[in-house]
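**Q** Let me begin by handing over the structure; questions about it come next.
The values are calculated or read from the model by the stated rules, or taken from the named source; none is laboratory data. Because the structure is predicted, anything quoted here is derived from the model rather than measured. Reconstructed Cβ throughout: ideal geometry from the backbone, glycine too, with neighbour counts over all protein chains shown. Calculation scope for accessible area: heavy atoms of the full protein, side chains included, ligands and nucleic acids excluded. Shrake-Rupley method; radii C 1.70, N 1.55, O 1.52, S 1.80 Å.
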Amino acid sequence: LRNTRYRGLRFNFGGSAGAAYAAYLPPLLMFLMPALIAALLPAGNLLVQFFATYFAIYLAWPLMHGAMKRYQHGHLEFGAQRASFNLAKRKFYKPYFAVVGLGVAAFLAILLIIVALAWGLSSVVGNVNTPQWTRMLGGAAVIYIIYLVAGPYILVRVSNMAWSGTA
């Protein structure tokens, strides 16, 4: 921003390194938490601990994403005026919950396709089990659809919300 000017007034960013660490360190620590839990807890059911940790991260992530956007947009400056960021933290949950709904819908759609294919194949050939590769392909398709749509959706929705909340 310091290299940009509009009508003779420079843009600037007035944030400090300490405030940046306060905004960006919690997400970094949240991504390191599963490894820390796996290292500190006894070797019980690590898979359950892993998914429980990532579920907690997913619930806390919109708040941390909001804190990062609040830091970025709250320290913008145009000439002598400083920007304000007036967006409630709870608003950051809406795009993430929409992605969860998309994931459930994609999972159900792929499951329906696999069941329909298995049913159609069994009606032609006889009693047949769903091959392992179709289940793996279905799981990969669900993950691919979610990442293909969810990433850009969240990026656009959160950016639009952040810029709409910046004055």
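**Q** Which value, in Å² and to the nearest 10, is the accessible area of Ser84 when all protein chains are kept and the probe is 1.4 Å?
**A** Accessible surface of Ser84 is approximately 40 Å².
**Q** Given a Förster distance of 22 angstrom, what is the FRET efficiency for Tyr147 paired with Tyr58, based on the Cβ-Cβ distance and rounded to 0.05?
**A** Efficiency, from the Cβ-Cβ distance: 0.95.
**Q** For Cα pairs less than 8 Å apart in space and 6+ apart in sequence, what is the mean separation divided by the residue count of segment 1-103, i.e. the relative contact order in percent?
**A** So the answer I get is 31 percent.
**Q** Please give the FRET efficiency for Phe51 paired with Ala22, using the beta carbon to beta carbon distance and R0 = 30 Å, rounded to the nearest 0.05.
**A** 0.55
**Q** In what sequence, largest accessible area first, do Met64, Met33 appear using a 1.4 Å probe?
**A** Most to least solvent-accessible, the answer reads Met33, Met64.
**Q** For Thr4 and Met136 in the same chain, what is the full-extension length gain: residue separation times 0.36 nm, less their Cα-Cα distance, in nm?
**A** So the chain would gain 42.5 nm between Thr4 and Met136.
**Q** I'd like the accessible area for Arg157: 1.4 Å probe, protein heavy atoms, all chains in place, Å² to the nearest 10.
**A** Taking all protein chains as shown, Arg157 has close to 80 Å².
**Q** How large is the accessible surface of Leu36 in square angstrom, using a 1.4 angstrom probe and rounding to the nearest 10?
**A** Near enough 100 Å² of accessible area.
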